[in-house]
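Structure, as structure tokens:
The values are calculated or read from the model by the stated rules, or taken from the named source; none is laboratory data. What you see is a predicted model; the values in this text were computed from it and never measured. In this analysis, Cβ positions are derived from the backbone assuming ideal geometry, glycine residues included, and neighbour counts consider all displayed protein chains.
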Amino acid sequence: MPHRDPLVIAGREYHSRLLVGTGKYRDLEQAGAAIEASGAEIVTIALRRSNIGQDPDAPNLLDAVPPERYTLLPNTAGCYTVKDALRTCRLARELLDGHNLVKLEVIGDERTLYPDVGATLEAAEQLVAEGFEVMAYTSDDPIAARRLEEIGCVAVMPLAAPIGSGLGIQNSYNLLEIVERLEVPVIVDAGVGTASDVAVAMEHGCDAVLLNTAIAGADDPVLMASAMRKGVEAGREAYRAGRIPKRRHAAASSPQAGTFFE
Amino acid sequence: MSTEAEQAVIHVRINGEAAQLPAGASCADVLARLGITEQRRLAVERNEQIVPRSRLAEQELADGDRIEVIQAIGGG
């Protein structure tokens, strides 16, 4: 029987430990189907200029992921400055009728899409002061992660590898250090490629995984979404179960005593 | 001195595009002009300040204003 093991972010409980993005899908229908298959309850969105001149009745993303059903997590993707990140979060709050939960990312460089940690800390401080519940995308630097927690972020989200790279966890030791030192949920955000990467992140003790490209970019996004869901569940259960220590030499699984060959 | 015809319009930018509006227009008029009837899934900024949905019709826009009409799209 599965144990009750909710993910708690900003005082709210979630059953799923997989958070997914809504970008890069073929169309809204595919996005909706994949998100459904992922079992995710928290779904990221981006904010952009309304496409002036397009059919005003064209389907809106919020029809595919209705705010009544999902916890929407507006991101500040594409922001390279503190100011742009703050503007984006304030617009998100207006768009979603006072909803305060945001994913803060302040990007430092186009080539790596690595976070500008200094700017992220500054923006986080301001957003927390304005009453936002900040889930902060950051590097795998344990000190930066602790600073974000001290500032009052409701979750700290270190990358596994560069956004969209699919490389999987590149620095297990840093990730373990972050998981061991923080009280708020640690969510691996970005860089995972497939279900085993997700399972490994969860086996490290991460509280959840946030991903987008690994599902949306798969040949069959709906099937990959299902695989990711299982990867998260398997990794979480393995973490809670407590794995055996690794050893160099064999340890027989059948008893040595009682054999009947002389 | 400007003529009455010149006073009748203001020049603004809507999502980065130059546009002319009748003097006295509000953000609600901007949305109507764009054919947007459903305001619920949008957010509007005037000169980088939020204009709350409940007050879209209240403020009179001024010449040189920069209006942003923002919506949710897919992202990670």
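Data table
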| item | result |
| --- | --- |
| Residues of the range B:1-17 satisfying the condition of being at negative phi, at pLDDT 85 or above and not in a strand (DSSP E or B) | B:Ala8 |
| First in the range B:39-53 and modelled with pLDDT under 95, second anywhere and β-branched (Val, Ile, Thr), Cβ under 6 Å, 6 or more apart | B:Leu42/B:Val69 |
| Test: residue in the range A:83-90 that is crowded, with 22+ Cβ neighbours inside 10 Å, under 15 Å from B:Leu42 (Cβ atoms) and touching a Pro at 6+ places or on another chain (Cβ under 9 Å) | yes |
| Strands (runs of 3 or more DSSP E) enclosed by the range A:86-194 - at least 2 residues per element that are modelled with pLDDT of 95 or more and away from every other protein chain (no Cβ under 14 Å) | A:133-138, A:155-158 |
| Matching strands (runs of 3 or more DSSP E) fully within the range A:10-52 where at least 1 residues are touching a helix residue (DSSP H, G or I) at 6+ places or on another chain (Cβ under 9 Å) and at pLDDT 95 or above | A:18-20, A:42-49 |
| Selection from the range B:33-59 of residues that are more than 9 Å from every other protein chain (Cβ to nearest Cβ), out of contact with any Lys or Arg (no Cβ under 8 Å at 6 or more places or on another chain) and within 18 Å of B:Ala18 (Cα to Cα) | B:Arg33 |
| The range B:46-59, residues that are hydrophobic (A, V, I, L, M, F, W, C) and not in a loop (DSSP other than H, G, I, E, B) | B:Ile50, B:Val51 |
| Filtered residue count, the range A:236-258, keeping only those that are small (Gly, Ala, Ser) and either touching a residue at least 60 places away in the same chain (Cβ under 8 Å) or under 30 Å from A:Pro6 (Cα atoms) (or both) | 3 |
| Number of the condition not met by B:Glu38 [criteria: (1) in contact with a Cys (Cβ under 9 Å, 6 or more places away or on another chain); (2) surrounded by fewer than 16 Cβ atoms within 10 Å (Cβ to Cβ)] | (1) |
| Where B:Gln20 falls short, out of the listed (1) without any contact (Cβ under 8 Å) to a residue 12 or more places away in the chain; (2) within 14 Å of chain A (Cβ to nearest Cβ); (3) assigned to a strand (DSSP E or B) | (2) |
| Search result, residues across the range B:60-76 that are facing chain A (nearest Cβ under 8 Å), out of contact with any Phe, Trp or Tyr (no Cβ under 8 Å at 6 or more places or on another chain) and either in a loop (DSSP other than H, G, I, E, B) or of a type outside the set (D, E, K, R) (or both) | B:Val69, B:Ile70, B:Gln71, B:Ala72, B:Ile73, B:Gly75, B:Gly76 |
| Close pairs from the range A:123-144: first surrounded by fewer than 17 Cβ atoms within 10 Å (Cβ to Cβ), partner of a type in the set (Lys, Arg), Cβ under 9 Å, at least 6 apart | A:Glu130/A:Arg90; A:Glu130/A:Arg93; A:Gly131/A:Arg93 |
| Single match in A:Glu41, A:Glu29 (criterion: crowded, with 17+ Cβ neighbours inside 10 Å and either within 28 Å of A:Arg229 (Cβ to Cβ) or out of contact with any strand residue (DSSP E or B) (no Cβ under 6 Å at 6 or more places or on another chain) (or both)) | A:Glu41 |
| Exclusive hit being small (Gly, Ala, Ser), touching a Gly at 6+ places or on another chain (Cβ under 7 Å) and surrounded by fewer than 21 Cβ atoms within 10 Å (Cβ to Cβ), set A:Ser172, A:Ser196 | A:Ser196 |
